[in-house]
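What follows is a set of notes on a single structure, which appears directly below.
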Amino acid sequence: FKISEDASWITCSKNDDSVKITASSSTIIEERCADVTIYLPKYEISKNIKVTQRAFNPSLEIDAVKLEFDSNGGYKYINITANATFGISEDADWITCSKNGNSVKITVSASTIVEERRADVIISLPNYNDNTKVITVIQKAFEPQLIVEDISALNFNYRGEEKTIAVTSNFNYEVDGATNWLTIEKTS
């Protein structure tokens, strides 16, 4: 006997008394059908077999829908469970994403903005429009700090002298107030 199939996603092989029919994996979201014919050409006898493969059901799951960062930024990982290739997109220049196997590394840059900021990272199955997950990224507001040594007044002697005041800050500060008899410079 001989075998013929009418679809490229089916392969058939025969032994003396059996036929092995193999269907390749499918990423098509509709059921597909094909025919396999087993026949004896010499006697014009044939038997058709209808082969049906169920539709592919794309799935996408993420382990978090919200990530929070302090103003210093940093990174966090999100685990992805998908049965198709997933894509990533972000809509903010202060967020970068990189794919690492079945996870996504979401990196947030440090902020000097005194308001909370939010943006979305979208995980999707590009070939399947209905499968999209949104991760809301929230970064807390920057809280500027300027701590100046507790001095209410500086008194200099008539010969002139140099004094240092301790300043602690979490941002780049400026110093002003120089006159023709007073110089002020920022030290490290």
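The values are calculated or read from the model by the stated rules, or taken from the named source; none is laboratory data. Everything numeric here is computed off the predicted structure, so don't read it as measured data. We place every Cβ from the backbone using ideal geometry, glycine too, and count neighbours over all the protein chains shown. Side chains are part of the model used for accessible areas, which takes the heavy atoms of the whole protein and leaves out ligands, DNA and RNA. Shrake-Rupley method; radii C 1.70, N 1.55, O 1.52, S 1.80 Å.
How big is the charge dipole of the chain about its Cα centre, in debye rounded to the nearest 20, if each Lys and Arg gets +1 on its Cβ and each Asp and Glu gets -1 on its Cβ?
1080
Excluding ligands, DNA and RNA, what is the solvent-accessible area per residue of the chain at a probe of 1.4 Å, expressed in Å²?
Solvent-accessible surface per residue comes out at 73 Å².
Could you look at segment 17-57 and say what percent of its accessible area is carbon and sulfur, using a 1.4 Å probe and all protein chains?
49
Given H placed on each backbone N at 1.01 Å, which residues far from Phe69 in sequence or on other chains put an amide H within less than 5 Å of it?
Excluding prolines and chain starts, which carry no amide H, the hits are Ile138, Gln139, Lys140.
Where in segment 155-188 does the amide nitrogen come within less than 19 Å of the point 7 Å from the Cα of Leu146, taken along Cα to Cβ?
The answer is 164-179, 183-188, whose backbone nitrogens lie closer than 19 Å to the label point.
Looking at the chain as a GNM with Cα springs under 10 Å, which of Glu161, Glu143, Glu61 has the largest mean-square fluctuation?
Largest GNM mean-square fluctuation: Glu161.
Given the options Leu146, Leu40, Leu60, state which has the largest fluctuation in a GNM of the chain using a 10 Å cut-off (strictly under) for Cα springs.
In the Gaussian network model the winner is Leu40.
How large is the dipole of segment 1-96 about the Cα centre if only Lys and Arg carry +1 and Asp and Glu carry -1, each at its Cβ, rounded to the nearest 20 debye?
The calculated dipole for segment 1-96 is roughly 760 debye.
Label-point separation (nm) for Arg32 and Val65, each offset 7 Å from Cα along Cα-to-Cβ?
Going from the Arg32 label point to the Val65 one covers 3.4 nm.
Compute the relative contact order of the chain as a whole-number percentage, counting only Cα pairs closer than 8 Å that sit 6 or more residues apart in sequence. Can you show the working numbers first?
Details: 328 pairs, mean separation 27.9, N = 188.
Relative CO of the chain lands at 15 percent.
Identify the chymotrypsin sites (Phe, Trp or Tyr not before Pro) of segment 126-188 meeting these criteria: DSSP loop state and at most 14 other C-beta atoms within 10 Å of the C-beta.
Answer in residue order: Phe156, Tyr158, Phe171, Tyr173, Trp181.
Assuming 0.36 nm per residue, please report the length gained on full extension of the stretch Lys47 to Ala23 beyond their Cα-Cα distance.
Computed gain between Lys47 and Ala23 is 6.7 nm.
Going out from 0 in 5 Å bins, what whole percent of all Cα-Cα distances in segment 1-118 drops into each bin?
2, 8, 14, 13, 9, 8, 7, 6, 6, 6, 6, 5, 4, 3, 2, 1, 0, 0
What are the aspartates and glutamates whose alpha-carbon lies under 16 Å from the alpha-carbon of Lys47, with same-chain residues fewer than 8 places away excluded?
Glu5, Asp6, Asp17, Asp35
Are there chymotrypsin sites (Phe, Trp or Tyr not before Pro) in segment 1-64 that DSSP puts in a loop and that have at most 16 other Cβ atoms within 10 Å, and which ones?
Here the sparse-neighbourhood loop sites are Phe1, Trp9, Tyr43.
So which residue, out of Thr168, Thr107, Thr85, gets the largest mean-square fluctuation from a GNM of the chain using Cα contacts under 10 Å as springs?
Maximum among the listed residues: Thr168.
On a straight-distance basis, which aspartates and glutamates could pair with Lys105 in a cross-link, Cα separation under 20 angstrom, same-chain partners fewer than 8 positions away excluded?
Result set, ordered by chain and number: Glu61, Asp63, Glu68, Asp70, Glu90, Asp91, Asp93, Asp120.
Work out the charge dipole of the chain with +1 on the Cβ of Lys and Arg and -1 on the Cβ of Asp and Glu about the Cα centre, then indicate which of Thr96, Asn79, Thr11 is farthest towards its positive end.
Of Thr96, Asn79, Thr11, it is Thr11.
On a 28 Å Cα-Cα criterion, which of the cross-link pairs Lys99/Lys140; Lys50/Lys133; Lys76/Lys133; Lys14/Lys50; Lys76/Lys186 come out too long?
Lys50/Lys133; Lys76/Lys186
As an exercise, identify the trypsin sites (Lys or Arg not before Pro) in segment 17-108 lying in DSSP coil whose Cβ has no more than 13 other Cβ atoms within 10 Å.
Loop-located and lightly packed - Lys42, Arg54.
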